[in-house]
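The values are calculated or read from the model by the stated rules, or taken from the named source; none is laboratory data. In this text, all values refer to a predicted model and were calculated from it rather than measured experimentally. No Cβ is skipped: glycine too gets one built from the backbone with ideal geometry, and neighbour counts run over all protein chains shown. Heads up: the accessible areas ignore ligands, DNA and RNA and are worked out on the full protein's heavy atoms, side chains in. Shrake-Rupley method; radii C 1.70, N 1.55, O 1.52, S 1.80 Å.
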Amino acid sequence: MTNLPDKPSLDGIEAGLMKRWDAEGVYRFDRTAAREQVFAIDTPPPTVSGSLHIGHVFSYTHTDTVARFQRMRGKVVFYPIGWDDNGLATERRVQNVTGVRCDPSLPFDPDFTAPFHGDVPKDHRAIPVSRPNFVDLCREITHLDEQVFEELIRRLGLSVDWSLLYTTIGERARRVSQRAFLRNLARGEAYQQDAPTLYDIDERTAVAQAEMEDREMPGSYHKVAFHRTDGQGDLVIDTTRPELLPSCVAMVAHPDDPRYQPLFGTTVTTPLFGVEVPVLAHPLADPDKGTGIAMICTFGDITDVTWWRELNLPSRALIGFDGRFATDAPEWIRNDAGREAYAHLAGLAPKQAQKKVVEMLQASGEMLGDARPITHPVKFYERGSRPLEIVATRQWYIRNGGRDDALRTSLVARGDEVTWHPPYMRTRYDNWVGGLNGDWLVSRQRFFGVPIPLWYRLDADGNPMYGDVLVPDEADLPVDPSTDCPAGFTADQRGVPGGFMGDPDVMDTWATSSLTPQIAGGWNEDGGVFDAVFPFDVRPQGHDIIRTWLFSTMVRSHHEHGGVPWRNAALSGWILDPDRKKMSKSKGNTVTPMHLLEQYGTDAVRYWAASGRPGVDTAFDEGQMKIGRKLSLKILNVSKFVLSFGEAEPDAPVDAPLDQAMLARLAKVVTGATTAFDGFDYARALEQTESFFWWFCDDYVELVKARAYEGDPSARIALRTALSTLLRSFAPFLPFVTDEVWSWWQPGSVHGASWPTAADLGADAGFDADAALDPVSEVLALVRRAKTEAKVSQRAIVERLVVRATPVQQAAIEAAYGDLRDAGSVQSVEYSTAEQLGCEVVLGA
RNA sequence: GGGCGCAUAGCUCAGUUGGUCAGAGCGCUGCCUUUACAUGGCAGAUGUCGGGGGUUCGAGUCCCUCUGCGCCCACCA
């Protein structure tokens with residue numbers, strides 16, 4: 001069969017092919033496959049609260065090329081897709097587009113409708129809604145977002161199996177996530193603790209170490225005088241947070257610091273508040289910082305927490321969950337002046353309180369000199385807008401090695417069981433695991449997430465007994481403790497003395513997405529295929545989330561399965577804007593992909609993406625899209641040309657030396673591309689194939705076309721063989737144009753065809769194709785150049801061609817002379833021997 | 001402060017174990033209405049491979065060092 005279009009075109013081929021792939025189930029996972037036959041991909045579920053930008057196109061294309069390669073190679077490819085729709089990012093988006101906020105104390109309103117949909121006026125005050133109403137809204141909005149995402153992912157031609165679609169808030173994800181958590185709990189890997197926690201006072205939730213970032217913020221040093229109780233004068237400290245003076249519990253200096261050694265064991269009183277605090281020694285105190293002595297507060301920073309813990313200090317917390325100073329003066333401030341001073345701070349936010357304290361210190365003469373402005377790094381929640389505070393709260397943790405050297409060591413060792421692409425990404429994992437300073441805080445005081453599946457018994461006074469945890473049966477998962485009852489209780493016992501209460505928190509979004517292999521594979525789920533896919537073959541992801549997604553997935557797999565979740569980790573680079581800044585929505589420098597797909601075609605955009613080396617950040621350059629467009633177009637045209645010669649009789653031999661050499665060269669390319677793909681280096685595979693392809697078009701096809709027109713079977717078979725090989729080699733990168741061309745002359749989809757091998761080409765592995773081909777190409781180029789320089793048509797006649805070359809080169813040229821003659825319109829040739837290849841070209845009149 | 005990465009033509013980038021490695025495409029210049037392709041074809045120009053040392057017969061390619069940029073981490077009082 002050969003069915004050539006008169007005027008082949010790239011325009012609009014995508015829609016038809018996408019339909020066809022769906023209808024034929026080209027990418028469907030075979031659920032009966034055994035593990036050895038499967039290639040399983042732990043696809044990153046994009047966050048639907050954001051938008052897909054060109055950076056997603058970049059990295060998702062990389063994975064898709066590998067998936068397509070493996071599929072053609074005969075693997076049963078497990079290529080799921082999911083939407084990450086749970087968590088704070090979604091809540092924010094919902095608040096922004098609907099004008100509501102969640103107030104869990106409100107009752108469900110079945111008739112509630114959101115006041116806005118996308119156009120919330122700036123002066124609008126968010127309307128409080130119940131948690132169930134809020135969650136409903138979240139589902140509604142994410143559902144709409146997900147449709148937009150699906151459209152783009154499909155348009156990109158990703159060969160995912162849509163029947164494997166999951167969402168991180170979906171029922172299966174909730175069940176898997178809760179099951180995994182309960183098993184962590186049963187094995188002692190999950191535990192709760194009442195401890196100082198980094199807390200975002202705007203979002204009113206605890207935050208994990210992995211979600212924090214430093215930001216350079218303006219601040220000021222203040223020299224503040226504490227008064228020695230022995231009457232021997234003052235002790236001066238330098239602090240950036242004078243507002244925490246009322247929370248001061250001690251002073252600390254380095255044990256070897258001679259300036260303060262005499263004071264250890266004595267006490268001082270705080271300025272303004274007159275609270276007596278001890279002067280202590282601790283090696284973490286830095287003699288070179290400030291005055292070498294610091295005040296310890298509850299809590300100014302993580303070091304304060306360390307000192308508080310290691311020096312057994314009291315806790316004097318004043319900043320509450322609302323981020324404001326407590327309204328009543330604390331009991332540890334005893335004198336009247338101190339209590340009066342505190343009254344000025346009551347109810348203030350830290351920033352306002354600082355201003356007030358400085359005023360008071362200046363008035364009392366206890367501040368020396370002026371504030372000295374500095375910029376210094378301050379801890380923020382990565383999505384937050386105000387500095388994190390440290391607040392003591394009860395939270396759930398999962399052990400991740402941050403407090404346990406043995407576990408830390410085994411998790412670092414797990415990194416050895418994964419092959420990293422590129423290898424240096426391994427170091428980032430090691431650094432992160434090695435630098436952990438606490439366990440993984442998984443509870444969040446939020447609403448749209450997987451609930452922590454626990455209840456607590458209430459004592460006779462109605463207070464929760466957190467030590468008395470009530471767990472659900474795995475068979476009943478997923479549960480929502482805020483509406484479901486624990487076994488042995490009834491709904492009317494909720495919140496009453498002797499009854500129970502549900503844990504109000506949800507899990508961190510990473511606590512669910514750390515289980516994508518288990519969710520996608522259906523771990524312990526009806527209809528799951530977990531045993532056939534786990535451990536997965538590859539986790540593709542961005543290098544910026546090694547510390548979060550990659551590491552947390554490793555932790556869960558280590559605990560639950562005693563092994564790694566995947567064999568390979570493929571880290572993709574970022575797309576940078578022309579100023580080499582990372583593209584991100586918050587910077588407003590994103591490029592949206594749809595118009596590029598429409599303007600250049602999907603294949604061209606994929607070509608650009610696949611040209612980016614694994615792990616390498618690449619600046620966005622729209623000009624590069626044109627290259628892929630041109631390549632696609634060339635494939636279309638040369639295919640039509642090659643196929644237009646018709647078929648030769650099937651058993652005819654490929655006996656022309658040039659044809660044999662071309663196939664031998666192609667065989668090497670196929671081998672090289674295969675090796676590159678096996679190492680996840682799609683870009684190298686593409687480069688090799690492309691480089692061959694342009695030589696094939698520019699030189700080989702030009703050389704043999706006369707012979708092909710005449711019906712020479714060797715040329716016709718070689719051309720068709722090469723075309724088939726090239727289409728299959730390009731198929732992972734340019735799925736549309738290759739399948740379009742494939743459909744002209746082959747049954748089925750090219751994406752269901754087999755990956756080419758050197759053996760298919762019947763080439764002699766020892767044959768030196770370059771030695772046979774390069775001299776011919778060179779002579780052809782010299783002839784063309786002569787015509788170009790003479791400003792004549794390439795069809796102009798060459799009366800006489802004198803080739804100067806080594807004997808070996810002469811033999812190669814002579815073997816292909818018939819083709820060279822026809823392609824260059826050469827009338828006669830002579831040879832002379834020379835070290836350096838050269839030509840004398842005598843053009844006809 | 002520690003770690004990792006990057007620095008090659010105007011632009012975006014290749015150069016896998018040191019020996020045609022000084023490349024590709026874009027852009028630029030010229031030529032060609034050639035019957036697959038003018039959304040084309042053919043050809044051309046462009047670089048002290050960030051600076052300085054060193055190893056070697058030979059170094060973008062290995063070592064040291066400096067400079068600049070990016071990222072990650074850090075106890076940031």
For A:Val38, the lone unmet condition from (1) closer than 30 Å to A:Asp621 by Cβ; (2) at pLDDT 95 or above; (3) touching a helix residue (DSSP H, G or I) at 6+ places or on another chain (Cβ under 6 Å) is (1)
Going by the conditions given, is A:Gly300 within 16 Å of RNA strand B (Cβ to nearest atom), buried (at least 20 other Cβ atoms within 10 Å of the Cβ), assigned to a loop (DSSP other than H, G, I, E, B) and touching a residue at least 60 places away in the same chain (Cβ under 8 Å)?
-> yes
Identity of the residue in the range A:754-770, among the aliphatic types (A, V, I, L, M) and open to solvent by less than 20 Å² (accessible area, probe 1.4 Å), that ends up nearest to RNA strand B (Cβ to nearest atom) = A:Ala769
Identify all residues within the range A:43-76 that are of a type in the set (A, V, I, L, M) and out of contact with any helix residue (DSSP H, G or I) (no Cβ under 8 Å at 6 or more places or on another chain); write none if there are none.
-> A:Ala67
Would you mind telling me which numbered condition in (1) farther than 23 Å from A:Thr553 by Cα; (2) surrounded by fewer than 18 Cβ atoms within 10 Å (Cβ to Cβ) A:Ala89 fails?
-> (1)
Selected residue [part of a helix (DSSP H, G or I), aromatic (Phe, Trp, Tyr) and within 11 Å of RNA strand B (Cβ to nearest atom)] from A:Phe696, A:Phe736, A:Phe677, A:Phe692 | A:Phe696
In the range A:520-550, the residues that are at pLDDT 95 or above and aromatic (Phe, Trp, Tyr) = A:Trp523, A:Phe530, A:Phe534, A:Phe536
Give, as residue ranges, the helices (runs of 4 or more DSSP H) completely inside the range A:442-541 that count at least 3 residues that are within 26 Å of A:Pro45 (Cβ to Cβ) and open to solvent by 20 Å² or more (accessible area, probe 1.4 Å).
-> none
Any residue in the range A:461-475 that's at positive phi: show its pairings with residues that are hydrophobic (A, V, I, L, M, F, W, C) and assigned to a loop (DSSP other than H, G, I, E, B) at Cβ separation under 7 Å, as long as the two are six or more apart or on different chains.
-> A:Gly462/A:Val496
Scan the range A:192-233 residue by residue and report those that are charged (D, E, K, R), within 22 Å of A:Trp432 (Cβ to Cβ) and at pLDDT 85 or above.
-> A:Asp200
Can you name the condition, by its number, that A:Gly74 falls short on among (1) under 21 Å from the mean Cα position of the chain (by Cα); (2) at positive phi; (3) modelled with pLDDT of 95 or more?
-> (1)
Looking at the range A:279-296, which of its residues are near RNA strand B (Cβ under 9 Å from one of its atoms) and hydrophobic (A, V, I, L, M, F, W, C)?
-> A:Leu284, A:Ala285, A:Ile293, A:Ala294, A:Met295, A:Ile296
With respect to A:Arg131, is the statement that it is basic (Lys, Arg) and either in contact with a helix residue (DSSP H, G or I) (Cβ under 8 Å, 6 or more places away or on another chain) or under 25 Å from A:Gly170 (Cα atoms) (or both) true?
-> yes
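The rows are residues; the columns are (1) aliphatic (A, V, I, L, M); (2) closer than 22 Å to A:Leu631 by Cβ; (3) open to solvent by less than 50 Å² (accessible area, probe 1.4 Å).
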{"position": "A:Asn3", "(1), (2), (3)": "no, no, no"}
{"position": "A:Lys7", "(1), (2), (3)": "no, yes, no"}
{"position": "A:Ile13", "(1), (2), (3)": "yes, yes, yes"}
{"position": "A:Lys19", "(1), (2), (3)": "no, no, no"}
{"position": "A:Asp22", "(1), (2), (3)": "no, no, no"}
{"position": "A:Thr32", "(1), (2), (3)": "no, no, no"}
{"position": "A:Glu36", "(1), (2), (3)": "no, no, no"}
{"position": "A:Pro45", "(1), (2), (3)": "no, no, yes"}
{"position": "A:Val57", "(1), (2), (3)": "yes, yes, yes"}
Scanning for something free of Cβ contacts under 8 Å to residues at least 60 places away in the same chain and within 13 Å of RNA strand B (Cβ to nearest atom), does the range A:321-330 turn up at least one residue?
-> no
Is the range A:369-384 home to any residue that is without any contact (Cβ under 8 Å) to a residue 12 or more places away in the chain, more than 13 Å from RNA strand B (Cβ to nearest atom), out of contact with any helix residue (DSSP H, G or I) (no Cβ under 6 Å at 6 or more places or on another chain) and not in a loop (DSSP other than H, G, I, E, B)?
-> yes
Residue ID - nearest to A:Val433 (Cα to Cα), chosen from residues in the range A:385-404 that are open to solvent by 60 Å² or more (accessible area, probe 1.4 Å) and in contact (Cβ under 8 Å) with a residue 60 or more places away in the chain | A:Arg399
For the range A:385-421, enumerate the residues that are within 13 Å of RNA strand B (Cβ to nearest atom) and assigned to a strand (DSSP E or B).
-> A:Glu389, A:Ile390, A:Trp420, A:His421
Is it fair to say A:Phe273 is more than 13 Å from RNA strand B (Cβ to nearest atom), among the hydrophobic types (A, V, I, L, M, F, W, C), over 28 Å from A:Tyr397 (Cβ atoms) and open to solvent by 30 Å² or more (accessible area, probe 1.4 Å)?
-> no
How many of the residues in the range A:77-111 are in contact with a helix residue (DSSP H, G or I) (Cβ under 7 Å, 6 or more places away or on another chain), at pLDDT below 90 and hydroxyl-bearing (Ser, Thr, Tyr)?
-> 1
Give A:Leu185, A:Leu245, A:Leu284, A:Leu263 a once-over and let me know the one that is closer than 25 Å to A:Glu359 by Cα and hydrophobic (A, V, I, L, M, F, W, C).
-> A:Leu245
Qualifying residue in the range A:560-571 (condition: within 8 Å of RNA strand B (Cβ to nearest atom) and at pLDDT 85 or above) | no
Restricting the search to the range A:594-621, which residues are more than 20 Å from the chain's Cα centre (by Cα), surrounded by fewer than 19 Cβ atoms within 10 Å (Cβ to Cβ) and near RNA strand B (Cβ under 9 Å from one of its atoms)?
-> A:Asp621
Which listed residue, of A:Glu702, A:Glu649, A:Glu687, A:Glu710, is more than 14 Å from RNA strand B (Cβ to nearest atom) and surrounded by fewer than 21 Cβ atoms within 10 Å (Cβ to Cβ) = A:Glu649
